[in-house]
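Participant: Pasting a structure below so you can have a look.
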Amino acid sequence: MKLLAPALLLLIMTQVLSAAEATFFLGTYTNNPKSKGIYVGKLDTETGRLSPLALAGEAKSPSFLALSPNGQFLYAAIESGGGSVGAFAVGPDGKLTKLNEVSSGGSGACHVWVDATGRNVLVANYGGGSLASFQTKPDGSLVEPAASFIQLTGTGPDAKRQDKPHAHSIYTDPANGFVYACDLGTDKVWIYKLDPDKGTLTPNAPPAGTVPPGAGPRHLAFHPNGKFAYVNNEMGMSVTAFSRDAASGALNALHTLPTLPDGASATGASTAEIFCHPTGKWLYVSNRGHDTIAVYAIGADGKLTWIENAPAQVAIPRGFGIDPTGKWLITAGQNDHKIAVLKIDPASGKLTATDQTAEVGAPVCVLFATPK
């Protein structure tokens, strides 16, 4: 028995260590007593069970988040005040140490992104209708002034909501050569060339992709193969599929589909977040107000086929995230102050509820860390 004890202990330790956990961060609004900033949690990717959430770092309304490719630094769009970007060092336990905070150059900083090199951080300013890029120092802090600042121009057909540009998100393509920015105010997805060494953005030719008039593009998701891109339209309650030319960066619209089922009322509803499944088989879009996640199958030609609208299990699912294994989806309910875990069917992509939820004040972004 004495000889078996160490082996048994080793087996138990191996089983414990092999239990896969995915770390995720939550961006929140802090205009409520339930939130103080950015939170961190862990998801058991075998069972879908959540660990208790912990405050990772205090900040004022750090809505959307982005991680450096090596996972050592986190950047947040700080919506309070005039709009800024916060830089944080990520500790082994997920706790954050603030490095610095710089002005985003425009009001309503609402989305951030880190390029593939980790040397450039991009930000979209909704209120100011502008974009900016910042280089990073080796310690992860942000360099001032901005490497590039772009003031967008133009309008859309909705005189109330599209009287000027409203930059809502910004991304680099998988090859890190182009930058795409969704502008709700002009119905454009603006395209720029990125110089990764200098962090500068220059206009592309063609300059933009276009969604239907008055649709109001919000967020974008690239297909894993880089050949297609998908944009959810906040005002139009729809999603537009694009083919993408990797050489020129051009976006060519394939079709636009509704994000609500036939007969559903769009009153008080708007889309929010969009993600492709890691396998490239399915696309997911959140509907606020209707409080569902629209699920689509992605064809070989990039076109979409609606599968279902699954209950998000939260009120106003402003954000959600898919874990790196592709087994689970976590929704963030801005209005009911909770997150919920949904199981992804590996054969159909459909979503089913679980009993896993957690409370946190006004969560609006779910960001999974990439396993190293």
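Participant: Would you list which aspartates and glutamates come within 20 Å of Lys34, measuring only between C-alpha atoms, while excluding same-chain residues fewer than 8 positions from it?
Facilitator: The qualifying aspartates and glutamates are Glu58, Glu79, Asp336, Glu359.
Participant: Still on this model: Quick one: Debye curve from the alpha-carbon atoms of the range 73-188 only, equal weights, vacuum; give me log10 I(q)/I(0) at q = 0.21 Å⁻¹ to two decimals.
Facilitator: Those come out to -1.09, one per q.
Participant: Just to verify a number: FRET efficiency for Ala54 and Thr117, C-beta to C-beta distance, R0 = 35 Å, to 0.05? Spell out each step's value before the answer.
Facilitator: Values: r = 30 Å, r/R0 = 0.86.
In this case the efficiency is close to 0.70.
Participant: Cα to Cα, under 28 Å, and not fewer than 8 places away if on the same chain: which lysines meet these conditions relative to Lys193?
Facilitator: Lys193 reaches Lys137, Lys164, Lys227, Lys303.
Participant: Here's a follow-up. Name all residues of the range 243-265 having a backbone nitrogen under 18 Å from the label point set 7 Å from the Cα of Lys227 along its Cα→Cβ direction, giving them as ranges.
Facilitator: Answer for the range 243-265: 243-255.
Participant: Right, another one. Once the other residues with Cβ under 11 Å from the Cβ of Asn31 are scored (Lys, Arg +1; Asp, Glu -1), what is the net sum?
Facilitator: Working: positive: Lys34, Lys60; negative: Glu79.
Net of charged neighbours comes to +1.
Participant: Sticking with this one: Please give the Cα centre distance for the range 17-57 versus the range 116-170, rounded to the nearest Å.
Facilitator: Centre-to-centre distance over Cα atoms comes out at 27 Å.
Participant: Additional query: How long, wide and thick is the range 213-372, going by the Cα atoms along their three principal axes, in whole angstroms, largest first?
Facilitator: Largest first, the range 213-372 extends 45, 42, 26 Å along its Cα principal axes.
Participant: What is the distance in Å between the Cα centroid of the range 303-319 and that of the range 190-216?
Facilitator: The distance from the Cα centre of the range 303-319 to that of the range 190-216 comes to 28 Å.
Participant: Can you tell me which of Ala167, Ala215, Ala116 moves the most in a GNM of the chain? Springs connect C-alpha atoms under 10 Å apart.
Facilitator: Ala116
Participant: In addition: Per residue of the chain, what 222 nm ellipticity follows from adding -39500 (n - 2.57) for every DSSP H run with n ≥ 4, rounded to the nearest 500?
Facilitator: Numbers: 1 runs with 15 residues, N = 372.
So the calculated ellipticity at 222 nm is -1500 deg cm²/dmol.
Participant: Please list 3J(HN,Hα) in residue order for the range 133-145, calculated via the Karplus relation 6.51 cos²θ - 1.76 cosθ + 1.60 where θ = phi - 60°; whole Hz, with x for glycine and proline.
Facilitator: For the range 133-145, the Karplus-derived couplings read 10, 10, 7, 10, 8, x, 7, x, 6, 8, 8, 10, x Hz, x marking Gly and Pro.
Participant: So if each residue of separation counts as 0.36 nm, and I subtract the Cα-Cα distance between Thr267 and Lys198, what length gain in nm does that give? Walk me through the numbers on the way to the answer.
Facilitator: Details: separation 69, 0.36 × 69 = 24.84 nm, distance 4.52 nm.
Gain on stretching Thr267 to Lys198: 20.3 nm.
Participant: Using r as the Cβ-Cβ distance of Ala297 and Thr354, and R0 as 35 Å, what FRET efficiency do you calculate, to the nearest 0.05? Could the numbers behind the result be given before it?
Facilitator: Working: r = 23 Å, r/R0 = 0.65.
Taking R0 as 35 Å, the efficiency between Ala297 and Thr354 is 0.95.
Participant: Test of the criteria: in the range 36-85, which GluC sites (Glu not before Pro) are in a DSSP loop and have at most 16 other Cβ atoms within 10 angstrom of their Cβ? Please list the in-between numbers first.
Facilitator: Working: sites: Glu46, Glu58, Glu79; in loops: Glu46, Glu79.
Of the GluC sites (Glu not before Pro), the ones in loops of the range 36-85 whose Cβ has at most 16 other Cβ atoms within 10 Å are Glu46.
Participant: Tell me, what HN-Hα J-couplings in whole Hz come from the Karplus equation 6.51 cos²θ - 1.76 cosθ + 1.60 at θ = phi - 60° for each residue of the range 60-74, using x for Gly and Pro?
Facilitator: Working through the residues one at a time gives 8, 6, x, 6, 9, 10, 8, 10, 5, x, 7, x, 7, 10, 10 Hz.
Participant: Still on this structure: What residues qualify as long-range amide H neighbours of Gly57, i.e. H under 5 Å apart, gap of 5 or more or another chain, H built at 1.01 Å from N?
Facilitator: Distant-sequence amide H within range of Gly57: Ile38, Leu96.
Participant: Based on the Cα coordinates of the chain, what is the per residue volume of their convex hull in Å³?
Facilitator: Values: hull volume 55.9 nm³, N = 372.
Cα-based convex hull of the chain, divided per residue, equals 150 Å³.
Participant: Work out the length of the dipole vector of the range 219-347 about its Cα centre, built from +1 on the beta-carbon of each Lys and Arg and -1 on the beta-carbon of each Asp and Glu, and round it to the nearest 20 debye.
Facilitator: Numbers: 9 positive and 10 negative charges, 44 e Å.
It works out to roughly 200 debye.
Participant: Just to confirm the number: angle between the C-alpha axis of helix 4-18 and the first principal axis of the chain, 0 to 90 degrees, nearest 10?
Facilitator: 10 degrees
Participant: Moving on. Place a +1 charge on the Cβ of each Lys and Arg in the chain and a -1 charge on the Cβ of each Asp and Glu, then give the dipole magnitude about the Cα centre in debye, rounded to the nearest 20. Intermediate values should be presented prior to the final figure.
Facilitator: On the way: 28 positive and 29 negative charges, 64 e Å.
With Lys and Arg at +1 and Asp and Glu at -1, about 300 debye.
Bear in mind these aren't lab numbers, they're just calculated from the coordinates by the rules spelled out. Quantities reported herein were computed from a predicted structural model and do not represent experimental measurements. Counting neighbours? That spans all protein chains shown, and the Cβs are built from the backbone with ideal geometry, glycine included.
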